[in-house]
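Take a look at the structure set out below.
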């Protein structure tokens, strides 16, 4: 798919993998789907089963050739998240609840202001976290050790 890197990258991504979105521009305009992949270096997203293109692949060693249908990336500005209440496309805003948790909310004209939940697919890790300590891990005794005592002033650097 010979795309170049984007000139101006989106700094704060509000659309994440697993979100329900509607395509608002292009040949699949008005169709909805789930985001399969986010390509941040190109400001593009791949929507599952949408923006299909034919790709000619030459036969090589270990794989067969032919004409395959693949999902091409769409620019992030051409998709909008769906409001969970109304089912219409909306912008995404960020709010903080009373307990301090950060949530995404639907905003814009005709939006309900409902909380847009984070997709469950983001909680699944592709690589499991290591359970045993490696050679570069700090031992827990050193991490939990007290380095400064406020009463005696022990551990205070000389300024």
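Read-outs throughout are calculated quantities, based only on the coordinates presented, and are distinct from any laboratory measurement. Every value quoted in this text rests on a predicted model; they were computed, and no experiment measured them. Here Cβ is always computed from backbone atoms with ideal geometry, including for glycine, and neighbour counts include all displayed protein chains.
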Taking N as the residue count of the range 1-82, its alpha carbon Rg divided by 2.2 N^0.38 Å gives 1.21
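Contact order normalised by length for the chain, with contacts defined as Cα pairs under 8 Å and 6 or more residues apart; what percent is it? Before the final figure, lay out each step's value.
Numbers: 231 pairs, mean separation 24.7, N = 159.
The normalised contact order for the chain reaches 16 percent.
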GNM on the chain, Cα springs under 10 Å; top mean-square fluctuation among 85, 143, 103 goes to 143
Where does the Debye-calculated log10 I(q)/I(0) of the chain sit at q = 0.12, 0.19 Å⁻¹, using only Cα point scatterers of equal weight, no solvent? -0.75, -1.22
When a footprinting reagent is the concern and you count Cβ atoms within 10 Å, what order do 131, 138 take, fewest first? 131, 138
Select from 133, 81, 72 the residue whose mean-square fluctuation is largest in a Gaussian network model of the chain (Cα-Cα springs shorter than 10 Å). 133
